[in-house]
Amino acid sequence: MDNGILNILFEYLNIVFMVFSGTLFTLYLVMAYLATRNSIHYKHKNSFGDLSKTMASPMAPTITIIAPAFNEGLTIVENVRSLLSLQYVNYEVMVVNDGSKDDTLQKLIEGYDLEKIDKSIDPNIKSKQIRGIYNSTQRSFSKLTVVDKLNGGKSDALNAGIYLSESKYVGCIDVDCLIQPDSLLHVVKSFYQHSEKRVIAVGGVIRVANSCKISGGTLEEIRMPKNWLAKFQLLEYTRSFLLGRMAWGRIDSLLIISGAFGFFDREIALAVGGYDTNTVGEDMEIIFRMRRYMHDIDMPYHVAYIPDPLCWTEVPESLKIFMNQRDRWSRGNLETLRTHKDMFFNPKYGRLGMLSYPYWFFYEWLAPILEFLGLIAVLVFFYLGVLNWDFFIAITVTIYCFSIMFSFYAILWEVYSYNQYPKTRDILTLMLFAILEPIFFHPIIVWSSVRGNYKKLFKIKSGWGSQVRKGFAKA
């Protein structure tokens, strides 16, 4: 190929890359501004007024916490005990045993004196066959219901719980997550803070519990993870939840609520048919459908977001398990975007169609693919001897410095707002990992995303993958 043509092609790619990067920089700066404004507004709004007495009243709205369980026999009794100790009156805990192959059900029966009850079940429930429903014979465990069903996956188990619940609100969580005792007070408060709009869903920050001290299902001491991969994820979660999702919440355009801690208006969740069991990105997809439904019936609504540290979970410490997780997330993104592609730049859906969906398409789904292809292009141009080193070094340093700056801001804002890691050593550790992240951690994210998209686009069968956990540190 003629060098002149190569130079023109390379200059064209330079322009495209600069425009893409410049737009991303601008969006991130706007997100930081919006997140800061929203955090300040949230803290100011919640600095006065105590709803704990109101929400502890028998007149408080009912809520069901649905916790799917599959082969959780080692920790299920302790995990459920934690859920039964929340500071709220009108709630129930519904554990859905999703066809476990171990002794999960037997441990629950023995640990909570369960007995099978005779209850009619609607045959039209959109889930695998329900084999039985259990309640405790002890009054102290009266809030607990256990559903035993054939294996159908997490989404299927959550659907069973949503259909069987009779509460106004349902909370869909991971059974091995640690929920703070006052979490339901914050959640229900969020459902009732918008008088002019119907709050259809409430999400919150997910914190990293690796290496933290846990005793009796209670968080005793917050500690920095010891594992290097968990440290990178802590930084990523801090940036994503405290800045990214907080910013989207500010303009009421949040498109995803974490599957580990999500609460829904049960009526709306049922109206859209519950979770989609044919996707691995069920937590994102259900928000798309609920938002679309509210737009279609022309009813004012809101998706609320809580920045308080209410939910703690264990993140993968194995590189293989971590890459499988991110592989799955990328496949879920693509599935959801493809399913709802008619929303792309569709003014009918307002900010959702004109801003949120395009952002997710270009910068959450497409960006890792472009990064990967850009790396290949750089290697090709280097081999052909037409690489503009001055431009390449300048843009690389600029992107690197910007990413560090954004991470530093997230860390410092965490210190200012919630200060979960008060030790100076911990903050300096996070800053060090922010410097290392673009070199060591981000390439893993990009490769995992590319691999997931490749599997989906070429229809290579791949499910959830193994999610083995080590368990929380004991106090």
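The numbers here are math on the coordinates, done by the rules we state, and not lab data. Since the model is a prediction, treat every value here as computed from it, not as a measurement. Cβ: placed from backbone, ideal geometry, glycine included. Neighbour counts: every protein chain shown.
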For residue 207, distant residues with modelled amide H under 5 Å away: 311, 312, 313
Backbone HN-Hα couplings from phi across the range 123-134 [Karplus 6.51/-1.76/1.60, Hz, Gly and Pro as x]: x, 8, 4, 7, 7, 5, 4, 8, 8, x, 10, 10
Neighbour count of at most 16 Cβ within 10 Å plus DSSP loop: longest GluC sites (Glu not before Pro)-free window in the chain: 197-475
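Work out the FRET efficiency for residue 388 and residue 454 from their Cβ-Cβ distance, taking R0 = 25 Å, and round it to the nearest 0.05.
Numbers: r = 30 Å, r/R0 = 1.19.
E(calc), rounded to 0.05, equals 0.25.
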Residue-span extension gain [residue 119 to residue 270] - 0.36 nm each, minus C-alpha spacing: 52.3 nm
Ordering of 200-212, 173-185, 96-108 by burial proxy (mean other Cβ atoms within 10 Å per residue, highest first): 200-212, 173-185, 96-108
Label-to-label distance, nm, for residues given as residue 369 and residue 345 (7 Å Cα→Cβ offset): 1.6
Inter-probe distance in nm under a simple model that places probes 7 Å from Cα toward Cβ, at residue 296 and residue 129: 3.2
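Per DSSP helix of 4 or more residues, -39500 (n - 2.57); summed, then divided by the residues of the chain. What does that give at 222 nm, rounded to the nearest 500?
Numbers: 15 runs with 223 residues, N = 475.
Rounded to the nearest 500, it is -15500 deg cm²/dmol.
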Relative contact order of the range 170-324, defined on C-alpha pairs under 8 angstrom at six or more residues apart (%): 42
Inter-centroid distance (Cα atoms) of the range 378-444 relative to the range 63-90, Å: 39
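Relative contact order of the chain: what whole-number percent is it, with Cα pairs under 8 angstrom and at least 6 residues apart? Mind dumping the intermediate values first?
Numbers: 762 pairs, mean separation 82.0, N = 475.
Computed value for the chain: 17 percent relative contact order.
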Residue range of the chain that is longest and free of chymotrypsin sites (Phe, Trp or Tyr not before Pro) which are both DSSP loop and sparsely packed (at most 16 other C-beta within 10 Å): 193-343
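Please give the per residue volume of the convex hull enclosing the alpha carbon atoms of the range 49-328, rounded to a whole number of Å³. The partial results should precede the final answer.
Details: hull volume 39.4 nm³, N = 280.
Roughly 141 Å³ of hull volume per residue.
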Partner aspartates and glutamates for residue 119 [C-alpha distance under 15 Å; skip if fewer than 8 residues away on the same chain]: 148, 166
Greater than 27 Å apart at Cα, pairs in 197/456; 197/231; 320/455: 197/456; 197/231
Selected from 293, 274, 194, residue furthest toward positive end of dipole (the range 185-323; charges at beta carbon): 194
Other-chain or far-sequence residues with amide H under 5 Å of residue 198's (modelled H): 301, 302
For the range 72-85, Karplus couplings with θ = phi - 60° (6.51, -1.76, 1.60), whole Hz, Gly/Pro x: 10, x, 5, 10, 4, 5, 5, 4, 5, 4, 5, 5, 7, 10
In order through the range 309-314: 3J(HN,Hα) via Karplus (6.51 cos²θ - 1.76 cosθ + 1.60), integer Hz, x for Gly, Pro: x, 9, 10, 10, 9, 8
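Longer than 20 Å from Cα to Cα, which of 101/149; 45/213; 189/213; 116/168; 126/189; 154/341 are they? Say none if no pair is. Working shown, then result.
Working: 101/149 12 Å; 45/213 31 Å; 189/213 29 Å; 116/168 25 Å; 126/189 30 Å; 154/341 25 Å.
Pairs exceeding 20 Å: 45/213; 189/213; 116/168; 126/189; 154/341.
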